[in-house]
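Below is one structure, written out as structure tokens; the observations come after it.
The values are calculated or read from the model by the stated rules, or taken from the named source; none is laboratory data. Computed from a prediction, not measured in an experiment: that's the story for all the values here. Neighbour counts are summed over all protein chains in view; Cβ atoms, including those assigned to glycine, are modelled from backbone coordinates with ideal geometry.
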Amino acid sequence: MLSRVFGFGRRSFQSLSEQEILALAISSEEDDARIYRAYADGLAEQFPASAKVFEEMAQEEDGHRAVLIELHRERFGERIPLIRREHVRDYYDRKPDWLVRPLGIDKVRGQAEQMEAQAYRFYVEAAKRTSDASTRKLLGDLAAAEKSHESLAQRLGLQHVPEDVKSAEAATERRQFILTMVQPGLAGLMDGSVSTLAPIFAAAFATQDTWQTFLVGLSASVGAGISMGFTEAAHDDGKLSGRGSPIIRGLASGIMTAIGGLGHALPYLITDFWTATTIAVAVVFVELWAIVFIQNRYMETPWLRASLQVVLGGALVLAAGVLIGNA
């Protein structure tokens with residue numbers, strides 16, 4: 001678990017040799033071509049024209065892979081090291097949206113645009129780490145190709161919203177805000193709100209001592225906040241994933257984790273047990289629905305699915321804490 005969270009056992013991008021960088025680029029192009037073809041298959045029945053576009057994009061990725069392999073053959077020979085994105089710390093990953101059916105055209109378009117942006121950042125960073133002129137030129141050309149791709153919205157024959165530059169910049173800024181602030185903050189709020197329910201309410205019903213319950217809640221919230229903050233900051237430096245400053249993400253995650261736990265710990269500063277508990281339960285209700293709202297507003301999670309995941313899960317954890325405390 002710690003290995004996966006902190007990246008132990010994986011290579012840092014800065015430690016890769018030029019041959020390994022080429023190998024990583026080859027495997028990434030192979031994976032992206034497969035993903036685009038999976039998108040094409042998923043869209044073929046309802047959106048045949050869009051499916052054809054993704055087939056063409058897969059062919060472009062095949063072309064990138066071919067020139068990378070040829071360069072590797074010229075510089076390092078026939079044997080390509082086996083190195084994939086999951087072997088490299090801080091490298092971007094791909095969400096398995098292509099496994100979900102039916103595919104939504106808006107969801108697919110957004111994911112494909114993100115894939116192109118991530119590939120561009122990778123080639124820019126990779127080019128900086130190469131000294132060979134031919135390798136640097138190829139990586140720079142591939143970065144330019146990813147950057148200069150015709151608007152995917154236009155390629156799909158859809159209206160591009162927003163169209164003007166100011167609106168486009170605002171959309172980019174909002175996307176970056178979500179990646180840097182909302183996602184880690186939401187993860188922290190969920191962890192702080194839900195994971196601390198059981199220990200706080202177990203302590204409350206086991207002792208019926210509001211001060212001791214508050215101390216348990218305070219320690220659990222602060223400890224979880226520190227843990228989540230360091231985990232988020234150490235997990236990804238943001239250079240390749242485009243998720244922004246690890247310090248900002250770590251602070252967002254850590255602070256929101258602590259707030260999530262303190263929300264239902266602070267009522268136990270009230271000396272009357274049942275008054276404190278009633279207010280704490282009400283705060284939990286507000287916290288859980290706030291998480292549902294944020295998921296729906298920023299992460300585009302359907303209300304019903306978000307409600308089942310968060311409210312039902314939180315209720316089960318709360319019930320577990322009460323049962324344990326009364327045992």
Can you name the residue in the stretch 128-142 that is in contact (Cβ under 8 Å) with a residue 40 or more places away in the chain and part of a helix (DSSP H, G or I) and is also surrounded by the fewest Cβ atoms within 10 Å (Cβ to Cβ) among such residues? S134
R85 passes all but one of the listed conditions (1) out of contact with any Ser or Thr (no Cβ under 7 Å at 6 or more places or on another chain); (2) surrounded by fewer than 19 Cβ atoms within 10 Å (Cβ to Cβ); (3) at pLDDT 80 or above; the exception is number (1)
Neighbours by Cβ (under 8 Å, 6+ apart or cross-chain): first from the stretch 72-94, part of a loop (DSSP other than H, G, I, E, B); second among the β-branched types (V, I, T) and crowded, with 17+ Cβ neighbours inside 10 Å: I80/I26; I80/I69; R94/I35
Any residue at all in the stretch 292-309 that is within 16 Å of G192 (Cα to Cα), touching a Gly at 6+ places or on another chain (Cβ under 9 Å) and touching a residue at least 12 places away in the same chain (Cβ under 8 Å)? yes
Is at least one residue of the stretch 21-30 closer than 20 Å to P96 by Cβ, acidic (D, E), in the same structural domain as G104 (by TED's automatic domain parsing) and modelled with pLDDT of 90 or more? yes
Hits in the stretch 263-275 (condition: under 22 Å from L189 (Cβ atoms) and assigned to a helix (DSSP H, G or I)): G263, L266, P267, Y268, L269
Output yes when any residue across the stretch 46-67 is at pLDDT below 85, under 20 Å from L24 (Cβ atoms) and in a helix (DSSP H, G or I), and no when none is. no
Could you tell me which residue of the stretch 211-233 is farthest from T271 (Cα to Cα), considering only residues that are surrounded by 21 or more Cβ atoms within 10 Å (Cβ to Cβ) and not aliphatic (A, V, I, L, M)? E232
